[in-house]
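The values are calculated or read from the model by the stated rules, or taken from the named source; none is laboratory data. None of these values were measured; they are calculated from a predicted model. FYI the Cβ positions are ideal-geometry reconstructions off the backbone, even for glycines, and counts take in every protein chain you see. Note: accessible area is taken over every heavy atom of the protein model, side chains too, but ligands, DNA and RNA are not part of it. Shrake-Rupley method; radii C 1.70, N 1.55, O 1.52, S 1.80 Å.
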Amino acid sequence: MKKLLIVAIAATTAVAFSSCAKDRIYGCTDPFSINYNPNATDEDGSCFKPSSQKRALVGDFTATWCPYCGQWGATEFKEALEQSGANAVALGIHNTDELTTSESTALTDYYGAEGIVGGYPTLYVWNQSSFSDGASGAGMVSTEVGAGPAEASAVAGFTDNGASLTISVSAMTFADVTGDYYVAAYLMENGIVALQQIAGADPDPNFVHDHVIRTSTNGSCWGEQFIFGSGSNGTAWNKTYQIEKNDSWKIENMYMVAIVWKYDSAEGKYTYVNAQETKM
């Protein structure tokens, strides 16, 4: 009789543990992460969230019809990125060509008015200067990163729903801040094949364009304001957007770049704060 009782208790205990194990769901439990899982019961360390690590923003203002963009601009841009590694976040900013978007046009117009973009290509490290060779660009990246950590940052990711994408964006401050802060999230694409003019050579119909801005969450290159006048250390903000997919996009080649800009209303100027790149 005692043996039967022991067996019954053991069986009941096994069923209980099995039931508990089935109820446990591992995932991201931080609600301010872009991959937050509201059904998760146990944190598994998979959260994507803003980081105070300073990264440099490196841009290539370019166009497919520009022969010098194909001759040296793309090469030196790539070299600067390769030397900089994870310290750099890249933007291929096309204008007046078939890869142009409203966001890339707005950035070109703004920095043209600022006297930074005077022609194509213009290779530029934000808060530093323009450059014409990869080694110089990488040096500027190191200088910018050395100014860290960042007082604010943001991160973004997307989920493919078939006909549309759900983009989640999170931003956070890492110090007490004063001013107006904006967060922009760009949907980017690598591996776009399009004809490129090349000085001194035949046009290349198989030229591969990387780091191309495809769209943003709200149609603005500056994004959406999340700090109004001032914010305390640890202020967090998140939002979800729905955007319609374009048939020309290759989702497997797409990723997100989130950028925090600081806006000076007195001068009407935007200053780069920090950026993060997310491939999910």
query = Quick one: length gained pulling Thr178 to Ser132 fully straight, 0.36 nm per residue minus the C-alpha distance?
reply = 13.1 nm
Per-residue HN-Hα couplings for the range 131-144 [Karplus 6.51, -1.76, 1.60; θ = phi - 60°; Hz; x = Gly/Pro] = 8, 10, 9, x, 5, 5, x, 5, x, 5, 4, 4, 5, 5
task = Please list the non-local residues whose amide H lies under 5 Å from the amide H of Leu57, H modeled 1.01 Å from N, same-chain partners needing a gap of 5 or more.
result = Val89, Trp126
remark   = Longest principal axis of the chain (C-alpha) makes with the long axis of helix 2-23 (C-alpha) an angle, in degrees to the nearest 10, of 20
query = Using all Cα-Cα distances in the range 180-223, what percent lands in each 5 angstrom bin from 0 up to the longest?
reply = 5, 21, 17, 15, 13, 11, 9, 6, 2, 0
query = Points 7 angstrom from Cα along the Cβ direction at Tyr241 and Asp204: gap in nanometres?
reply = 3.1
inquiry  = Springs between alpha-carbon pairs under 10 angstrom, Gaussian network model over the chain: which of Ala147, Ala236, Ala90 fluctuates most?
reply    = Ala147
key: C-alpha center-to-center spacing [the range 220-242, the range 153-216] in angstrom   = 18
key: aspartates and glutamates with Cα under 14 Å of Lys54, excluding same-chain neighbours fewer than 8 positions away   = Glu144, Glu151, Glu277
remark   = Among Lys49/Lys250; Lys78/Lys239; Lys250/Lys279; Lys78/Lys250; Lys78/Lys269, the pairs whose Cα-Cα distance exceeds 23 Å are Lys49/Lys250; Lys78/Lys239; Lys78/Lys269
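What full-extension length gain, to one decimal in nm, is calculated for Ala266 and Ala147 as 0.36 nm per residue of separation minus the Cα-Cα distance?
Stretched out fully, the Ala266 to Ala147 stretch lengthens by 40.4 nm.
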query = Okay, helix-only estimate at 222 nm for the chain: each DSSP H run of n ≥ 4 adds -39500 (n - 2.57), divide by all residues, round to 500 deg cm²/dmol; what do you get?
reply = -6500 deg cm²/dmol
task = Could you work out the equivalent-ellipsoid semi-axes for the range 57-177, taking the square root of 5 times each eigenvalue of the Cα gyration tensor, largest first, in whole Å?
result = 25, 21, 14
ask   = Working out 0.36 nm times the residue gap between Asn39 and Asn161, then minus their Cα-Cα distance, what length gain in nm do you get to one decimal?
value = 42.0 nm
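Under a 1.4 angstrom probe, counting protein chains only, how are Met188, Met172 ranked by accessible area, largest first?
These residues rank, largest area first, as Met172, Met188.
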key: Ratio Rg/Rh, restricted to the chain and using Cα atoms, in which Rh is the Kirkwood radius   = 1.13
task = Report, to the nearest whole %, how much of the accessible area of the chain belongs to carbon and sulfur atoms, 1.4 Å probe, protein only.
result = 52
query = For the range 106-120, in order, what is each residue's ³J(HN,Hα) by Karplus, 6.51 cos²θ - 1.76 cosθ + 1.60 with θ = phi - 60°, in whole Hz (x at glycine and Pro)?
reply = 4, 5, 5, 5, 5, 6, x, 5, 7, x, 8, 9, x, x, 10
